[in-house]
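Single-structure report; data block below.
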Amino acid sequence: MTFRQLAYHNVLRNRRSYAAFFLASVFSVMVFFVYSMFIFHPLFKEDGLQELAVRGMFIAEIVLYVFTLFFLLYSMSAFLQARSKEFGILMHLGMTKKQLNKLIFFETIILGAVSTIAGIALGFAFSKFFFMIGREIMELESLPLYVSWKPFALTIGAFTSLFIIISFISVAFIRTKGILDLLQGYWKTEEVSNVSKVLSVLGIVLLICTYILASIVTDKTVYQLAVIIPPLATLGTYLFFTHSIHSLLNIYKRKKGVYWHKTRLVSLAEASVKLKDSAQMFFIVTIVSTVAFLTVGTLASFMSYTGDFRESNPLGLVYISFQGNEAEQEHIEGLTSQLEEKQLAYDLVPIPIKRQTSALTGNDVDIVPASQFNRLAFALDFEPVYPERGKGLFIPYSRESLKELENLTSQTTLVESGISLSIDEVYQRIMFPNHTMNVNSIVVNDEDYEAIDEPLAGYAPGESTFTYYAFAVPEWEETVTIGEKLTELMQQAIAKADFSNVNFFFENPGEDYRWFKSSFAILLFIGVMVAAVFLLAAGSFIYFKLYTGLERDRKQYLLLVRLGMTEKELGKIVNRQLIPQFFLPWAVALLHSTFAFISLQVVWDEFAELSILGEMVLVLSGFTVAQILYFFLIRWRYIAHLQAS
């Protein structure tokens, strides 16, 4: 039998043990290949959403590659350590260290080749499905499946190099100081008790300080604490798993009345050994899980912003015409004809707005007549207003301004026209986008409006009056591409910073909404796929650790059976050993993520005024359910392996 044949048979013989490793590898390759198919798609152009998608997926591929390299190195080290007895027998039969390294190299290459081929095959098979998702997210007319050598070449090249790197590095994990040490196996039976009380306390203190800092974050301190909190949380997590948790277990063990109760002695003593040996693995799983939670949670919170954007921009189209705009009617007729071509229902409300100076503040104020304001309110299905003469209502431009203006009363006079107004109410809806109207805007009675007969100080008659054309379009997102020429003119004026030849303002909030919504959906799609790889890897870390001690656990299981323990008691012992390994790092990751989301809420409040509580609960609940299902799957396989002896 040649070395290649021996390596091949070793892989086949250990196929059940390599299942989680193989599954995670295949999934990583599949995600990498799907992203490559998007990146090299011939329909993607270097603009807008396509550029964002390509860049996002390219970054995701780099993250996937680096993480997969780290994950596979850890996995291989766990398998090689678990096979130490097998390696001891081979070396006892005369195999040299060089030959052993060669054998491991061939095994890794075989696994890598099969994983890469299977991942590419699955990726290509599901590419059409992912293209359908991408088409809907980016609202493209079509995103057909294509065949090109580039995605295949990139994926094969990337993962071939990755597995070759792993093949060379993994042999360093084999400990060959003595054949006797290899034959004794990987696990040591003695419990290590060298736990530092100082470091134990420090670990808990650091985590408490981290959570307190995350809870008291403000919009002024959020960016400074964003640099301080992650290192504190990382160090605190490491010390918690390597020292703190074992000090807590030692305290628990001193209570003999509780600790020496039935099967607790066996299960907790064994769990304490495994918790000590798996401390670094728990730290890795916690950090990886936290990153996955935060990635998906943050991106999911972006989707809330689209709802907030819609509420803050209720108009489908906005066109503002200033004095001297000779193309006003041409532009309005062009917009209405485009809406009709698309068969979109709309209400067009022209609102004449006059600008005056408030004697109270000295600021400019936009004055809106109640009759036209109510026309727009009815079109949007909002409440109308009926101010009396001499009274007015504030028009809010954001949620924050709505709160600020609710308890504000004002007695002012419009300087130019000498009209006195009493303002003690605020309209309870955001009617106009905040940058299309003055921050100081008021709805007044029509008679008061007509009485304003003087222009703003420093302006000629008519120069301080403009017409605000508000388009109420129920099918808001369907206004994409409407007014493209006007948008181009606005963008050119903004780029040149020259508005001398532009006597109008145009905006298509529906197009902006579509861009925001699709952009965030793309990022969420990318993030979910990457997070899925992270979480699958995190669960695999635990599986690998269980597998490395499987032989020792089998012997213990047989001993307990011989001592007369029932199936129910053995089940309790298994649960008490597995539950901490699965849910302790998970619980810490959930706790980290919860406080991180509290800080993230402060960031959102600073510029978007929205709550991400729903997204946080949804993400954390979804991942918790997935972890519970994964626990029962691994528990079933673990018990099957134990009973197989």
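The numbers here are math on the coordinates, done by the rules we state, and not lab data. For clarity, every value in this text was computed on a predicted model and none was experimentally measured. Ideal geometry is used to build each Cβ from the backbone, glycine not excepted, and the neighbour counts take in all protein chains shown.
Axis of helix 149-170 versus longest Cα principal axis of the chain: the two differ by about 40°, to the nearest ten degrees. In whole angstrom, note down how far apart the Cα centers of segment 371-426 and segment 571-605 are. So the separation of the two Cα centres works out to 49 Å. For the chain, the longest principal axis of the C-alpha atoms and the axis of helix 328-341 are separated by about 50°. The Cα-based radius of gyration of the chain, divided by its Kirkwood radius, gives an Rg/Rh of 1.11.
Taking segment 316-510 as the region of interest, the number of lysine pairs whose Cα atoms are within less than 23 Å, with members eight or more places apart or on different chains, is 4. Put a plus charge on the Cβ of each Lys and Arg, a minus charge on the Cβ of each Asp and Glu, and nothing anywhere else: the dipole of the chain about its Cα centre is then about 7700 debye. Every pair of different Cα atoms in segment 420-552 enters the Kirkwood calculation, which places the hydrodynamic radius at 21.0 Å.
Which value, in debye to the nearest 20, describes the size of the charge dipole of segment 316-510 about its Cα centre when Lys and Arg Cβ atoms bear +1, Asp and Glu Cβ atoms bear -1, and nothing else is charged?
Result for segment 316-510 is approximately 380 debye, rounded to the nearest 20.
Between Leu633, Gln492, Ile229, the Cα set farthest toward the positive side of the dipole of the chain (charges on each charged residue's Cβ, about the Cα centre) is that of Leu633. Could you list, in their original order, any pairs among Lys276/Lys555; Lys220/Lys517; Lys97/Lys572; Lys85/Lys197; Lys220/Lys274 whose Cα atoms are separated by more than 32 Å? Pairs exceeding the cut-off: Lys97/Lys572; Lys85/Lys197; Lys220/Lys274. Rounded to the nearest Hz, the phi-derived 3J(HN,Hα) couplings of segment 212-219 under the Karplus curve 6.51 cos²θ - 1.76 cosθ + 1.60 (θ = phi - 60°) are 5, 4, 5, 7, 9, 4, 10, 5, where x marks glycine and proline. Amide hydrogen proximity for Leu360: with H placed 1.01 Å from N in the peptide plane, the residues at 5 or more positions away or on another chain lying under 5 Å are Thr413. Given labels modelled 7 Å from the Cα in the Cβ direction, how far is it in nm from Asp498 to Ala121? In this crude label model, Asp498 to Ala121 measures out at 6.3 nm. Rounded to two decimals, what ratio of Rg to Rh does segment 105-167 give with C-alpha atoms and a Kirkwood Rh? Radius of gyration relative to Kirkwood radius: 1.13.
Relative to the longest principal Cα axis of the chain, at what angle does helix 127-138 sit, 0 to 90 degrees, rounded to 10? That helix lies at roughly 30 degrees to the long axis. The mean sequence distance of close C-alpha pairs (under 8 Å, at least 6 residues apart), as a share of the length of the chain, puts its relative contact order at 20 percent.
When you work out D = kT/(6 pi eta Rh) for segment 338-474 at 20 °C and 1.002 mPa s, using the Kirkwood radius from C-alpha pairs as Rh and the Stokes-Einstein form, the result is 138 µm²/s.
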